[in-house]
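K.L.:
Input: one structure, supplied below.
The values are calculated or read from the model by the stated rules, or taken from the named source; none is laboratory data. Note that the structure is predicted; figures quoted are calculated from it, not measured. Quick reminder, even Gly has a Cβ in these numbers, built from the backbone with ideal geometry, and neighbours come from all protein chains shown. Side chains are part of the model used for accessible areas, which takes the heavy atoms of the whole protein and leaves out ligands, DNA and RNA. Shrake-Rupley method; radii C 1.70, N 1.55, O 1.52, S 1.80 Å.
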Amino acid sequence: MRFDLDDDQRAVRDGIDSLCRSAWSPASARRHGAGDDDAAALWRELVAAGWPGIAVAQAYGGQGLGTVELTLVCETMGRALAPGMFFGNAAVAALVEGAGDDDQRQRWLPGFASGEARGALGSLQPDGTGLALDAEGAAALVLVGGGRAMLVAAGDCQLEPAAGVDLTRRLSSVTLTGGTDELRGDLGTALERVEVALSAELVGVAQRALDLALDQARSRQQFGRPIGAYQAVSHRCADMLLDVESARSAVLAAAWTADHSPQALPFAASVAKVSAAQGAWRVTTASLQVHGGIGFTWEHDCHLLLRRAVASGHLLGSPEAHLDRVAAARGLGGAAAVPTAQ
Amino acid sequence: MNVVVCIKQVPDPNSPGQLDPSTHLLKRDGELVLDPGDEFGVEAGLQLVEKHGGQVTVVSMGPERGLDAVRKALAMGAAKGVLISDDSLRGSDALTTAKVLAAAIRKQDFDVVITATESTDGYTGVVPQMIAGLLDIPAVTFAKSVSVEGDKLTAQRQTETGIEVVEATLPVVLSVTAGVNEPRYPSLKGIMGAKQKPLDRPGPADLNLEDVGGASTGQRITAIDSAPERAAGEIIKDEGEAAKRIVDFLADKKVI
């Protein structure tokens, strides 16, 4: 097993990185969360360059690349605090491709792959309503919950803005007004791929928080020295690096497993989700501490990263639920339940 | 119409470049990127061939890692890459660089050679003109916009006093300024297809460069020093006159 990216994978990572760096910023993320239209332009760029179909099979107009490539894009998106459109569309495409039937694939995948008919991901609540991320303008939603996944065309539901902890994505409550179409195939494996992609995004969030902390530790002077020269700060930064690298390794291992050894995916995906969710929480909170007073201000980006880490950390199964699944996979008791989106 | 675009891989301009004190050469161990200035050149070349047919070939001289920059240009849409990479060329001065690039360009079928105005690491700003001299064709420099009709190239040229309109008969060397266009992002398909595109790796012998005489025959770097700190700017306190003084200042600098 080789955990070094090949030339193509590095080119994919660098390609999406240059697009995100020039087309998106934390300021755009704030405006998007506040209701402005910035994300539409980013989505147009992504569509024009063919990114939405990266992991969709070529038969449906995608590029047919693997989960490793998808996670490279998701990590970069997380680092850029990009809105949920790319992730939601990629997630929904993976769910329909993995757990949908032929009719559902034929109907929806070409639109998800080209980005012309975007998909959005949401959770299915016990009362039959849903909560979806960046779903405005989507052609279809997949709502996941209670071990089921329901495909809903945009015309068969109503979206209302809802308040969420994350200020860089828009949350909508979903009321079903028409029919739904259940994805009845192997939902478990498809969901695990999505969990890996989400974990990659969390690694990107943590990496950005670490980058900001390091900039601060190098540039902020106290008592005539950069604060990073003091062990209380440098040890904290070293721990952050440990968290980021551990989570990234777990995510890459899970992505590789998804493509090459899917029978081991339930364990690998949960390890990735736990490492990324807990790591991102620790790193974003530690970054805030390294920043001192400025990190607590509304204007600073620290809280955007922290909120994203909390929100995504609890999406598609909390760390605790995934720890149960890890334990169960190693025969330590507990039932390996498919996590529900929350 | 065939276009050759000269490109260079440079240390990421977002992190300050450093010189190796023993060799006086730029350190290249950090993050390297396609020179942002060259992205405008590649885009200008792509726009010309999209309008007039033909293809874009990118030519670069540099270390092995420079392949990444060539691949990025191929991902943007160039059809072919040429990378001249040889230890004997390490630390080449501007004239040697121009000789190597000109030798590689001579082997291509070209109507226009596009470059940036200068590299974002060496900043000599003389290579485009040297290439034109070596190829014995006109140099149209600092182009802000460019168009081609038949065998005539017309460019608007940015100068200190205004914009000149320059015409030249093909073939020409054209250096373009940043902002001449908006470089496209490589598409995912372009990125995945870049590796399949033809890539030439000629050595100095293939280009008959034996008489170039080493990397830096014409210059020797004797010392390096930090640039002087920039003087503090003038702060204008607004007591009713500030707008006028700023306008006067800008007018004096010929900005407005």
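K.L.:
Which is within 14 Å of residue A:200 (Cα to Cα) and either within 14 Å of another protein chain (Cβ to nearest Cβ) or open to solvent by less than 40 Å² (accessible area, probe 1.4 Å) (or both), of A:70, A:95?
P.N.:
Sole residue among the options that is within 14 Å of residue A:200 (Cα to Cα) and either within 14 Å of another protein chain (Cβ to nearest Cβ) or open to solvent by less than 40 Å² (accessible area, probe 1.4 Å) (or both): A:70.
K.L.:
Here is a check on your reading of the model: is residue B:149 more than 14 Å from chain A (Cβ to nearest Cβ), more than 20 Å from the chain's Cα centre (by Cα) and closer than 27 Å to residue B:111 by Cβ?
P.N.:
It is true that residue B:149 is more than 14 Å from chain A (Cβ to nearest Cβ), more than 20 Å from the chain's Cα centre (by Cα) and closer than 27 Å to residue B:111 by Cβ.
K.L.:
I've got another one for you. For the range B:115-146, how many residues are part of a loop (DSSP other than H, G, I, E, B) and either within 13 Å of the chain's Cα centre (by Cα) or within 30 Å of residue B:24 (Cβ to Cβ) (or both)?
P.N.:
Within the range B:115-146, residues that are part of a loop (DSSP other than H, G, I, E, B) and either within 13 Å of the chain's Cα centre (by Cα) or within 30 Å of residue B:24 (Cβ to Cβ) (or both) number 10.
K.L.:
Out of curiosity, is residue A:28 within 14 Å of another protein chain (Cβ to nearest Cβ), surrounded by fewer than 21 Cβ atoms within 10 Å (Cβ to Cβ), in a helix (DSSP H, G or I) and of a type in the set (Ser, Thr, Tyr)?
P.N.:
no
K.L.:
Next question. Suppose we filter A:113, A:94, A:55, A:90 for residues that are part of a loop (DSSP other than H, G, I, E, B), under 27 Å from residue B:193 (Cβ atoms) and under 20 Å from the mean Cα position of the chain (by Cα); which single one remains?
P.N.:
A:55
K.L.:
Hey, could you check the range A:38-49 for residues that are in contact (Cβ under 8 Å) with a residue 24 or more places away in the chain and of a type in the set (Gly, Ala, Ser) and say which is nearest to the other protein chains (Cβ to nearest Cβ)?
P.N.:
Ranking the candidates gives A:49 first.
K.L.:
Could you please find all residues in the range B:59-94 being under 20 Å from residue B:124 (Cβ atoms), aliphatic (A, V, I, L, M) and touching a helix residue (DSSP H, G or I) at 6+ places or on another chain (Cβ under 7 Å)?
P.N.:
Within the range B:59-94, B:59, B:61, B:84, B:89, B:94 meet the criteria.
K.L.:
Follow-up. From the list B:79, B:132, B:104, B:98, which one is away from every other protein chain (no Cβ under 14 Å), modelled with pLDDT under 95 and at negative phi?
P.N.:
B:98 is the lone residue from the list that is away from every other protein chain (no Cβ under 14 Å), modelled with pLDDT under 95 and at negative phi.
K.L.:
Could I ask something else about it? Among the candidates A:64, A:53, A:35, A:15, which residue alone is at positive phi, within 10 Å of another protein chain (Cβ to nearest Cβ) and not charged (D, E, K, R)?
P.N.:
Result of the check over A:64, A:53, A:35, A:15: A:64.
One line per residue, one yes/no per condition, for (1) in contact with a Gly (Cβ under 8 Å, 6 or more places away or on another chain); (2) open to solvent by 30 Å² or more (accessible area, probe 1.4 Å):
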site	(1), (2)
B:75	yes, no
B:84	yes, no
B:87	no, yes
B:96	yes, no
B:105	no, no
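K.L.:
Whether any residue in the range B:181-197 is away from chain A (no Cβ under 14 Å) and either modelled with pLDDT under 90 or in contact with a strand residue (DSSP E or B) (Cβ under 8 Å, 6 or more places away or on another chain) (or both) is what I want to check.
P.N.:
no
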